[in-house]
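Have a look at the structure below before the remarks.
Computed from the coordinates by the stated procedures, all read-outs in this text should not be read as laboratory data. Keep in mind that this is a model prediction, so the values were computed, not measured. A quick note on method: Cβ atoms are made from the backbone with ideal geometry, for glycine too, and the neighbour counts reach across all protein chains shown.
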């Protein structure tokens, strides 16, 4: 048994104590974020607001994420990634608590801004932290393990958030109280982060130049293409993902408990799929893995748009979510490899572009649902996913093939 444990530690690079503390904190943070995915829109609707306003809150959260990504990268280089992660936990906890304690539109938007700031910090800091605390040999394994653990955490958050509201006297109090509990959980995650040993050198910029040399990044053909690819995928995802619980609630009449179960099953499947990612990458390569998984997810989007049975939609949702999200650790590792010494700037810029496009499209998604139907945004997303995936293959496959060819 001890031999097996040592083998697992070596395989994933878990000898590093900072990684274990990071995983503990991230589990708590991701569980809190999972609760937001289930409860926030439902809470806004329970307060008497429309789908349009729910889309506005989601858009404010995502716009903030996009805008904060670049300064988050700058702060990482000056404070260290561990401190920035702790600041993100504080922002997340305070944001969720703000939302849970108010029915004011202004304060709901303020809470969304804090939550969006926390999401930006997480998006920028986590890949940098994993790169700093891993070797090239264990990096893909560690990215995949982190992805799987975060999916399990998200599953725990979504599952409990679907059932906890019933312990309050009414739906509004239950949703607010459950959000408050997760806000406290996010604040608790600061404790393990406080014990992470600071890493120096990896994200610092001793030359005194600006961290984000945008000219260098934008002159690199591969990095420009990554930015375009992520922006298009982000726009497509923003049309449907933030509003899926509204889709389930209003179109299919699903309860918060049913939505929580469906999202939890999707997270379990995604987590298990994430553990298989290194095997798939080893057989197909990074680029082909991304392309195959993305294309395989598109038929399930079409099923979600057309099915009227909650169980059929739930099955299609968790298959689509699993296939699409399995590409995340592969793309993160690929981005870090292509960015090289510009990985801090690229991580910030990539997260910024991805979330800003989501912020724009979530407004469009909410408007389309109100104006036309709940299914129409899914067709737009299918088209964007298909076009972007073909571009991704055309752009990156030749370079990766040449890179993998043995030198003569």
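Between rounded, prolate and oblate, where does segment 63-178 land on the alpha carbon gyration tensor, with a ≥ b ≥ c its root eigenvalues, rounded for a/c under 1.5, else prolate if a/b exceeds b/c? Working shown, then result.
On the way: a/c = 3.35, a/b = 1.53, b/c = 2.20.
Note, shape of segment 63-178 comes out oblate.
What whole number of Å gives the distance from the Cα centroid of segment 278-342 to the Cα centroid of segment 152-188?
28 Å
Please rank 233, 190, fewest neighbouring Cβ atoms within 10 Å first, as an exposure proxy.
Fewest to most other Cβ atoms nearby, the residues stand as 190, 233.
Give the angle, between 0 and 90 degrees and rounded to the nearest 10, that separates the Cα long axis of helix 171-188 from the longest principal axis of the Cα atoms of the chain.
In the chain, helix 171-188 runs at an angle near 20 degrees to the longest axis.
Have a look at 256, 35, 50 and tell me which one the Gaussian network model of the chain (Cα, springs below 10 Å) gives the largest fluctuation.
Looking only at 256, 35, 50, the largest GNM fluctuation is found for 50.
Where does the chain land at 222 nm, in deg cm²/dmol rounded to the nearest 500, when only DSSP H runs of n ≥ 4 count, each adding -39500 (n - 2.57), divided by all residues? Display every interim value, and only then the final one.
On the way: 16 runs with 328 residues, N = 408.
One gets -28000 deg cm²/dmol as the mean residue ellipticity at 222 nm.
Looking only at 351, 104, 77, which one moves most when the chain is put into a Gaussian network model with springs between Cα atoms under 10 Å?
Greatest mean-square fluctuation among the candidates belongs to 104.
Could you tell me which label, among (1) 21.1, 69; (2) 25.6, 83; (3) 20.4, 73, carries the value of Rg and Dmax of the Cα atoms in Å calculated for this structure?
From the options (1) 21.1, 69; (2) 25.6, 83; (3) 20.4, 73, the structure gives (3).
Full extension from residue 171 to residue 391: what is 0.36 nm times the residue separation minus their Cα-Cα distance, to one decimal in nm? Each step should come with its number before you reach the end.
Numbers: separation 220, 0.36 × 220 = 79.20 nm, distance 4.56 nm.
That pair, residue 171 and residue 391, stretches by 74.6 nm at full extension.
Who wins for biggest fluctuation among 394, 153, 60 in a Gaussian network model of the chain, springs between alpha carbons below 10 Å?
394
Put a dot 7 Å past each Cα toward the Cβ at residue 219 and residue 137; how far apart are the dots in nm?
Computed distance between label sites residue 137 and residue 219 equals 3.6 nm.
Along Cα→Cβ, 7 Å out, is where each label goes; now give me the distance between the ones at residue 275 and residue 311 in nm to one decimal.
Here the modelled spin labels are 2.7 nm apart.
With a/c under 1.5 counting as rounded, go ahead and sort segment 248-312 into rounded, prolate or oblate using the C-alpha gyration tensor (a ≥ b ≥ c being the square roots of the eigenvalues; past the cut-off, prolate if a/b is larger than b/c, else oblate). Working shown, then result.
Values: a/c = 4.57, a/b = 1.92, b/c = 2.39.
Taking the square roots of the gyration eigenvalues as a ≥ b ≥ c, segment 248-312 is oblate.
For the pair residue 379/residue 255, report the inter-label distance in nm, with labels modelled 7 Å from Cα in the Cβ direction.
3.4 nm
Shape call for segment 48-107 from the C-alpha gyration tensor, a ≥ b ≥ c root eigenvalues: rounded (a/c under 1.5), prolate (a/b greater than b/c) or oblate?
On the way: a/c = 4.34, a/b = 1.92, b/c = 2.26.
Oblate.
If one computes the Cα centroid of segment 121-138 and of segment 39-71, what distance in Å separates the two points?
Going from one Cα centre to the other spans 28 Å.
Note down the relative contact order for the chain as a percent, whole number, built from C-alpha pairs under 8 angstrom at least six residues apart. Could the numbers behind the result be given before it?
On the way: 672 pairs, mean separation 111.3, N = 408.
Worked out over the chain, it gives 27 percent.
State, as an integer percentage, the relative contact order of segment 272-408 based on alpha-carbon contacts under 8 Å between residues 6 or more apart.
Working: 95 pairs, mean separation 47.8, N = 137.
Relative CO of segment 272-408 lands at 35 percent.
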